[in-house]
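Down below is the structure, laid out as structure tokens.
The values are calculated or read from the model by the stated rules, or taken from the named source; none is laboratory data. Just so it is clear, the structure is predicted and the values come from calculations on it, not from any experiment. All Cβ positions, glycine included, derive from the backbone under ideal geometry; neighbour counts span all protein chains shown.
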Amino acid sequence: MNAIQIQDLSVFYGQQQAVKNISLDVPEHSITAFIGPSGCGKSTLLRTINRMNDRIDGVRIEGNIRIMGHAIYDDQVRVELLRKKVGMVFQQPNPFPKSIYDNIAYGPRLHGITRKPELNDIVEKSLKAAVLWDEVKDLLKKSALQLSGGQQQRLCIARALAMNPEILLMDESTAALDPLSTLKIEELVKELRQSYTIVMVTHNLHQAARISDHCAFFLDGELIEYDDTSQIFSNPKNPKTENYVAGRFG
């Protein structure tokens, strides 16, 4: 089953068209990588999947996206519930200036979970899922800002998982990290695939080749090629894709 169906999607910033009539399906419990040079529309497209672009003045969106069969741009869709279902992790770690515990508990509290035992359980499960529990279990009352960059990013992943999403969006989520932290995040993402559908934007072609199941190559707002990752990197059908993965531009 497809977790995400993108249908004839175009995104405009004022008169500028950033995404041009894109259609693609993302299978459940898979890692799909969006690749392409800067400014090609991949991050814009990623942000349409949980309607983050709604916050930008002058944005116009045509076409539709379905999450588990439900059209997310219908008027009756409650965006806060959509973002509960579709979590997001950004390029720069952005923990709240709160304790580690309160970072994880923040979202569940917003959605009405207030009982301490239930919150304790969510915090522990989320940190374990993000492979961070053993490192911070004795520091839960400490500020999240005291963690290293890699730990902060795993905390942000745990914070997203605390909402029990179905889909996790990752926008260049290892770009600001050192190689060791990047490797930990990659191993984590591969484990999370068993429970979540993951869509990631990355400039790191080696990363896309290492951990994604499917790969979409974008250029100038257009989807040039979308296929199994092994096909994209070993035998792409489009010469533009071949040139990009061979490092001839971008």
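Pick from D134, D102: which is of a type in the set (D, E, K, R) and within 19 Å of E191 (Cα to Cα)? The conditions single out D134. Scanning the stretch 152-184 for residues that are at pLDDT below 95 and of a type in the set (V, I, T) yields T174, T182. Please go through the stretch 54-112 and give me each residue that is over 30 Å from S181 (Cα atoms), touching a residue at least 60 places away in the same chain (Cβ under 8 Å) and among the charged types (D, E, K, R), ordered by number. Result: R66, single match.
Filtering the stretch 71-81 to residues that are at pLDDT below 95 and outside any loop (DSSP other than H, G, I, E, B) leaves V79, E80, L81. Of the residues making up the stretch 70-87, those that are farther than 24 Å from K137 by Cα and crowded, with 16+ Cβ neighbours inside 10 Å are I72, Y73, L82, R83, K84, K85, V86. Checking each residue of the stretch 86-95 against the condition of being touching a helix residue (DSSP H, G or I) at 6+ places or on another chain (Cβ under 8 Å), under 20 Å from V199 (Cβ atoms) and aromatic (F, W, Y) gives at least one match.
Looking only at residues in the stretch 91-115 that are farther than 21 Å from Q151 by Cα and of a type in the set (K, R), the one that is surrounded by the fewest Cβ atoms within 10 Å (Cβ to Cβ) is R115.
Entry remark, the stretch 82-119: residues being among the β-branched types (V, I, T) and out of contact with any strand residue (DSSP E or B) (no Cβ under 7 Å at 6 or more places or on another chain) number 4 in total.
None of R60, R66 is within 21 Å of the chain's Cα centre (by Cα), among the basic types (K, R) and not in a loop (DSSP other than H, G, I, E, B) except R66. Could you pull out the residue among T197, T202 that is touching an Asp or Glu at 6+ places or on another chain (Cβ under 6 Å) and not aliphatic (A, V, I, L, M)? It is T197. Of note, P93 satisfies the criterion of being assigned to a loop (DSSP other than H, G, I, E, B) and either among the small types (G, A, S) or at pLDDT below 95 (or both). Exactly one residue among T32, T44 is in contact with a helix residue (DSSP H, G or I) (Cβ under 8 Å, 6 or more places away or on another chain), crowded, with 16+ Cβ neighbours inside 10 Å and either of a type in the set (K, R) or under 30 Å from S195 (Cα atoms) (or both), and that residue is T44. Cβ separations smaller than 8 Å between residues 6+ apart or across chains give the following pairs from the stretch 134-160 residues that are within 12 Å of L177 (Cβ to Cβ) to residues that are aromatic (F, W, Y): C156/F90.
Inside the stretch 178-200, residues that are touching a residue at least 60 places away in the same chain (Cβ under 8 Å) and either out of contact with any strand residue (DSSP E or B) (no Cβ under 8 Å at 6 or more places or on another chain) or assigned to a strand (DSSP E or B) (or both) make up a count of 7.
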